[in-house]
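Comments concern the structure below.
The values are calculated or read from the model by the stated rules, or taken from the named source; none is laboratory data. Nothing here was measured: the structure is a model prediction, and the numbers come from that model. All Cβ positions, glycine included, derive from the backbone under ideal geometry; neighbour counts span all protein chains shown.
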Amino acid sequence: MDQLDSYLTIEEVAARYRVEVSTVRHWRVIGVGPRGVHAHGRKGILIYPAAEIRRYDEELLQQAISERELRPGTARRGTARARHLAPAPARTARS
């Protein structure tokens, strides 16, 4: 594998997360999202190491898992609390 294959451009990062390039730039300004580096110094092209993309993906996954666990009433598969497994309310016949 060529060493350049282990980097993504800002356009590739935007496509990966299905956002505009301007959104990825905004993430960089506010300090969220994957961390990019400038190739060839401060004026160089902005690239994102593949390892950093994997790290950010893992961060998103862990965040989604913890949010789901903290949300009250969240249905969990395989438990009696799951809505699709809960008994339906009894219906009464109308006269």
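Against the condition at pLDDT below 95 and surrounded by 10 or more Cβ atoms within 10 Å (Cβ to Cβ), how does Y48 come out, does it pass?
no
Being modelled with pLDDT under 95 and either on the phi < 0 side of the Ramachandran plot or not in a loop (DSSP other than H, G, I, E, B) (or both): is that true of V19 here?
No.
Kindly list, by first and then second residue, each pair from a residue in segment 16-27 that is touching a residue at least 24 places away in the same chain (Cβ under 8 Å) to a residue that is assigned to a helix (DSSP H, G or I), limited to pairs with Cβ atoms under 8 Å and residues at least 6 apart or on different chains.
Once the first residue is touching a residue at least 24 places away in the same chain (Cβ under 8 Å) and sits in segment 16-27, its partners that are assigned to a helix (DSSP H, G or I) give R16/I53.
Against the definition (charged (D, E, K, R) and modelled with pLDDT under 85), how does E69 come out, yes or no?
Here the answer is yes, as E69 does meet what is asked.
So, in segment 23-43, of the ones that are surrounded by 11 or more Cβ atoms within 10 Å (Cβ to Cβ) and of a type in the set (A, V, I, L, M), which residue ends up farthest from Y7 (Cα to Cα)?
Among residues in segment 23-43 that are surrounded by 11 or more Cβ atoms within 10 Å (Cβ to Cβ) and of a type in the set (A, V, I, L, M), the one farthest from Y7 (Cα to Cα) is V32.
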